[in-house]
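Visitor: Below you will find the structure I want to go over with you.
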Amino acid sequence: MKRGKTTFSGMIERAAPALVIVAVLAIWELFVRLRGIAPIYLPPPSTIAVYLFRMLADGTIEFNLGVTLLRIFAGFAVAAIAGVTLGVLMGMSRIVARIADPWIAALYPLPKIALIPLLVIWLGTGEVYKIVISAITAFFPIVISTYAGIRQTDQGLVKAAQDLGANRRQIQMKIVIPAAIPSIFSGLHLGMGVTVILVVAAEMIGSSSQSGMGFLLIQSGQVMETEKVFASLIVLAVVGALIIKLQEWIDRKVAPWTAYRDGH
Amino acid sequence: MDVIVEDITQVWPGRGGADVVALDRFSHCFASHRFSCLLGPSGCGKSTLVQIVGGLERASSGSVRIADPALPGVTHPVGADSVMVWQNLNLFPWRSVLDNVAFGLEMQGVAKAERHDRAKALIASVGLSGFEGHLPGQLSGGMRQRVALARALILERPIMLMDEPFGALDAQTKIVMQEELLRVFDQTHKTILFVTHAIEEAILLGDEVIVMTARPGRIKEVLKVDLPRPRSLEMVNSKAFGALFDRAFHLIREEVMTSMIQQTMALETR
């Protein structure tokens with residue numbers, strides 16, 4: 001039954017995930033309404049949807065999400081540029097690698113959230129603090145993956161390029177860096193993931209700017225508007241998924257060869 | 001171009017101070033326009049030898065001289081006149097077929113339009129027209145092999161070093177590629193050093209077959225192959241081919257046995 005698309009069992013298989021989601025929402029709705037649970041603890045999905053549309057209609061979501069996204073991309077951009085640059089330099093120069101290595105080894109395992117009190121003392125609770133904390137966190141996976149990618153270049157390709165007349169600089173620019181791109185990208189994926197986490201966390205903790213999805217969550221939670229908390233969480237989940245999809249799409253555009261395992 | 005190899009010895013530092021001698025005082029003159037096949041058991045140093053000739057490995061001792069037979073006094077720098085075709089091809093996976101083939105010209109600074117024109121002509125000559133934009137990963141093994149051949153040919157260097165290039169191909173594709181290589185040799189008459197462990201392939205392709213000993217690699221015997229050119233696959237059935245095959249088989253059999261005993265002993269002492 002290879003042509004499963006048109007058969008009955010094939011249809012069930014394709015529809016099953018959506019059906020399960022609908023079923024869970026229906027049970028949730030019924031459970032809350034029949035048992036009369038207070039919306040403060042668990043609002044029914046229908047009410048959450050109403051709140052979500054209301055927050056979209058009055059621009060609350062758009063504004064806070066926009067602010068959060070700007071901070072995410074600012075922090076990520078700083079981390080990406082600094083991390084890839086240092087990673088490439090480490091891969092190309094043994095001295096740079098030797099100097100940077102103990103710092104990375106010491107700072108990478110530190111939970112970056114633990115830096116928040118210090119950063120607040122130094123930078124205050126404005127925009128700079130939020131961008132710096134997310135950039136520091138994202139920097140480490142990016143620099144480590146970049147360095148690993150540069151170091152793990154297939155020596156066969158380097159020799160082949162050398163044989164075809166490439167000089168040292170050409171080998172680095174035309175072979176080593178392109179060969180490291182898949183590894184650099186996986187570092188950027190990890191970096192983006194932690195940037196999202198750290199920006200939202202920083203917006204929750206000690207932020208003076210009263211904006212962002214983290215702020216919206218904390219504020220709604222403090223006044224027990226549980227519907228808004230759920231609505232914000234849904235928005236964050238959807239945006240997170242979209243960011244991952246966007247990255248995968250960029251990967252395919254920039255590094256299409258990684259789709260073929262046996263590339264050479 | 002003649003490749004004159006004199007007393008090449010290659011020693012790899014082994015574990016616990018036990019050095020491994022890969023090549024032991026290997027000397028041979030690979031004459032201009034001659035197709036030489038290096039035949040030997042695994043680990044006899046034949047791949048190491050072609051890498052030394054290509055300037056990609058440094059020998060522990062001995063010398064390689066590259067010289068034009070018309071001007072024997074002038075020695076060319078090792079590696080500058082040769083190009084390698086690798087067993088695992090080493091195509092650049094992120095570059096299209098066109099940009100893989102044009103790589104050597106790009107490194108020389110040849111303008112894009114010119115190098116693309118030359119690469120396209122060469123791609124057509126190996127039968128890959130229409131695949132210029134494909135990535136190596138999208139091609140079959142035989143097609144990738146053609147890309148590797150074209151990438152080496154574009155530099156028009158007089159010496160071609162081939163390290164078991166067809167080792168990973170299936171039987172049918174291998175035959176087609178052997179015919180392709182024979183055609184290239186008949187047209188260009190490059191000096192070719194071809195490493196293989198397939199007896200039939202060595203005799204079919206080569207003007208001479210250098211049978212090597214098991215580790216440490218030395219020359220056991222040089223067989224002259226007097227089959228006429230252009231060669232064709234039907235020659236495999238001729239009497240002369242059969243006699244050469246028997247001789248080579250006999251020589252190589254002894255060495256494979258030695259090599260197997262060596263490997264067993266190495267495992268036992270580990």
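Visitor: Looking at this model, which pairs from A:Lys159/B:Lys120; A:Lys130/A:Lys245; B:Lys120/B:Lys174; A:Lys174/B:Lys46; A:Lys174/A:Lys253 are more than 22 angstrom apart at the alpha-carbon?
Guide: Checking Cα-Cα distances, A:Lys159/B:Lys120; A:Lys130/A:Lys245; B:Lys120/B:Lys174; A:Lys174/B:Lys46 exceed 22 Å.
Visitor: Sticking with this one: Can you list which of the DSSP-assigned H helices in chain A have a Cα extent of 27 Å or more along the long axis and an average Kyte-Doolittle score of at least 0.0?
Guide: Span-like helices here: A:8-35, A:60-92, A:127-151, A:177-204, A:226-254.
Visitor: Just name one of B:Ala243, B:Leu155, A:Ala38: the one whose Cα is farthest towards the positive end of the charge dipole of the protein assembly as shown (beta-carbon charges, Lys/Arg +1, Asp/Glu -1).
Guide: After comparing all options, I get A:Ala38.
Visitor: According to the Cα gyration tensor, what semi-axes, each the square root of 5 times an eigenvalue, does the equivalent ellipsoid of region A:49-256 have, listed from largest to smallest in whole Å?
Guide: 39, 20, 11
Visitor: Here is a further query. Size of region B:199-245 along its principal axes in angstrom, Cα-based, largest extent first?
Guide: Cα spread of region B:199-245 along its principal axes, largest to smallest: 35, 16, 13 Å.
Visitor: Another question, if that's okay. Using the Karplus curve 6.51 cos²θ - 1.76 cosθ + 1.60 with θ = phi - 60°, work out ³J(HN,Hα) for each residue of region B:175-184 in order, rounded to whole Hz, and write x for Gly and Pro.
Guide: 4, 4, 5, 5, 5, 4, 5, 4, 4, 4
Visitor: Just grab the label-to-label distance for B:Ser232 and A:Gln219, each label 7 Å out from Cα along the Cβ direction, in nm (one decimal).
Guide: Inter-label distance under the simple model: 8.7 nm.
Visitor: Here is a follow-up. So if we plug the beta-carbon distance of A:Leu56 and A:Leu190 into 1/(1 + (r/R0)^6) with R0 = 22 Å, what FRET efficiency do we get, rounded to 0.05?
Guide: Approximately 0.10, to the nearest 0.05.
Visitor: A further question on this structure: Quick one: which residues, 5 or more positions from B:Gly62 or on another chain, have an amide H under 5 Å from its amide H? H modelled 1.01 Å from N in the peptide plane, none for Pro or chain starts.
Guide: Answer set, sorted by chain and number: B:Thr9.
Visitor: Oh, and also: I need the P(r) histogram for region A:56-176: all alpha carbon pairs, bin width 10 Å from 0 out to the longest distance, whole percents.
Guide: Values per bin, smallest distances first: 12, 30, 27, 17, 10, 3, 0.
Visitor: Rounding to the nearest 10 and keeping the result within 0 to 90°, find how far the Cα-based axis of helix B:239-269 lies from the longest principal axis of chain B.
Guide: The answer is roughly 70 degrees.
Visitor: Also, I was wondering about something else. Using amide H atoms built 1.01 Å from N in the peptide plane, name the residues 5+ places from B:Val20, or on other chains, whose amide H lies under 5 Å from its own.
Guide: It is B:Trp12, B:Gly14, by chain and number.
Visitor: If you split all Cα-Cα distances of the protein assembly as shown into 20 Å bins from zero, what percentages do you get per bin, shortest first?
Guide: 17, 36, 26, 17, 4, 0
Visitor: Compute the relative contact order of chain A as a whole-number percentage, counting only Cα pairs closer than 8 Å that sit 6 or more residues apart in sequence.
Guide: The normalised contact order for chain A reaches 24 percent.
Visitor: How long are the three semi-axes of the equivalent ellipsoid of chain B, in whole Å, if each is the root of 5 times an eigenvalue of the C-alpha gyration tensor, listed from largest down?
Guide: Equivalent ellipsoid semi-axes, largest first: 31, 22, 20 Å.
Visitor: Could you tell me the calculated FRET efficiency between B:Gln108 and B:His76, based on Cβ-Cβ distance and R0 = 25 angstrom, to the nearest 0.05?
Guide: 0.90
Visitor: Starting from the Cα of A:Ser211, step 7 Å along the direction of its Cβ; do the same at B:Ala31; then give the gap between the two resulting points in nm.
Guide: Using points 7 Å along Cα→Cβ, the separation is 8.4 nm.
Visitor: Could you compute the longest span of chain A free of trypsin sites (Lys or Arg not before Pro) located in DSSP loops and having at most 13 other Cβ atoms within 10 Å, not counting the site residues?
Guide: The answer is A:6-260.
Visitor: Residue by residue through region B:3-19, what is 3J(HN,Hα) from phi via Karplus (6.51 cos²θ - 1.76 cosθ + 1.60, θ = phi - 60°)? Round to whole Hz and write x for glycine and proline.
Guide: After applying 6.51 cos²θ - 1.76 cosθ + 1.60, I find 10, 9, 9, 10, 6, 6, 10, 10, 10, 9, x, x, 6, x, x, 7, 6 Hz.
Each reported figure results from applying straightforward, stated rules to the coordinates on display, with no laboratory input. Predicted model, so just to flag it, every value in this text is computed and none were measured. Positions of Cβ are backbone-derived with ideal geometry, glycine not excepted, and every protein chain shown enters the neighbour counts.
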